[in-house]
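*Asks:* The structure is given below, and queries will be raised subsequently.
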């Protein structure tokens, strides 16, 4: 792929991710309402599969920098970036070792490994954040989860349930981002002849 085309397409998908963020195209996950299903991930994943993995990683970095600039919230932007980046690493590993087959097994492996890495990374980060960096979030989790279950939870119970619900959210979000992206990639690939995952940039 020509470098100019790579830059142009990557810029377009990064701009789409930023636009979706500005428009607040998102909706909350039940129970833990601060977790949001974010449409801005779809352009990131689409860039990964339509152009090549480099485009996906670069798009995620640009989106992270925008989140940081817009909100000034280093913690929130970093958590979002970590979730997306770890998922892309899972996709990249399948691409690296199995190639770009596009078959059913390839889709399943990509989504499962992307989801697994995202869950592991975010579970570890949530433990660090909830116990040491921002324990106030754990106070909120105790309140919300106690209301949800109908009885008062201890901090350890709230932590465990927070990790469980966050893991479920992250696993669902992989498919929320992955499936529309594959549909987009196939549609654009058929229309414009893009095959994705170019191994080099000329």
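Read-outs throughout are calculated quantities, based only on the coordinates presented, and are distinct from any laboratory measurement. For clarity, every value in this text was computed on a predicted model and none was experimentally measured. Neighbour counts run over all protein chains shown; Cβ positions are idealised from the backbone, glycine included.
*Asks:* Sorting 48, 85, 91 on the 10 Å Cβ count, fewest up front, what's the list?
*Replies:* Result, fewest neighbours first: 85, 91, 48.
*Asks:* Cα axis of helix 3-22 to longest principal axis of the chain: angle in degrees, 0 to 90, nearest 10?
*Replies:* 30 degrees
*Asks:* Quick check: the angle from helix 155-192's long axis to the longest principal axis of the chain, C-alpha only, nearest 10 degrees?
*Replies:* Approximately 20 degrees, to the nearest ten.
*Asks:* If I stretch the segment between residue 25 and residue 132 completely, what's the gain in nm (0.36 nm per residue apart, minus their alpha carbon distance), one decimal?
*Replies:* Taking 0.36 nm per residue and subtracting the Cα distance, the gain is 35.4 nm.
*Asks:* Let me ask something else about it. To check my understanding: the extent here is largest minus smallest coordinate of the Cα atoms along each principal axis. What are those three numbers for segment 64-155, in Å, largest first?
*Replies:* 49, 35, 19
*Asks:* Now, a different point. Test of understanding: what is the full-extension gain from residue 124 to residue 152, defined as 0.36 nm times their sequence separation minus their Cα-Cα distance?
*Replies:* Answer, rounded to one decimal: 7.6 nm.
*Asks:* Next question. For the residue pair residue 188 and residue 175, what label-to-label distance in nm results when each label sits 7 Å from Cα along the Cα-to-beta-carbon direction?
*Replies:* With each label point 7 Å from Cα toward Cβ, the separation is 2.4 nm.
*Asks:* Once both axes come from the Cα atoms, what is the angle between helix 41-50 and the longest principal axis of the chain, in degrees from 0 to 90, rounded to 10?
*Replies:* Approximately 30 degrees, to the nearest 10.
*Asks:* I've got another one for you. Can you sort 127, 84 so the residue with the fewest Cβ neighbours within 10 Å comes first?
*Replies:* By the 10 Å Cβ count, ascending, the order reads 127, 84.
*Asks:* Roughly how many whole Å is it from the C-alpha centroid of segment 112-172 to that of segment 3-17?
*Replies:* Centre-to-centre distance over Cα atoms comes out at 35 Å.
*Asks:* Ok, one more. Could you line up 1, 79 from fewest to most neighbouring Cβ atoms inside 10 Å?
*Replies:* Listed from fewest to most nearby Cβ atoms, that is 79, 1.
*Asks:* Let me ask something additional. Only helical DSSP H runs with n ≥ 4 go in: add -39500 (n - 2.57) per run for the chain, normalise by residue count and round the 222 nm mean residue ellipticity to 500 deg cm²/dmol.
*Replies:* That calculation yields -26000 deg cm²/dmol at 222 nm.
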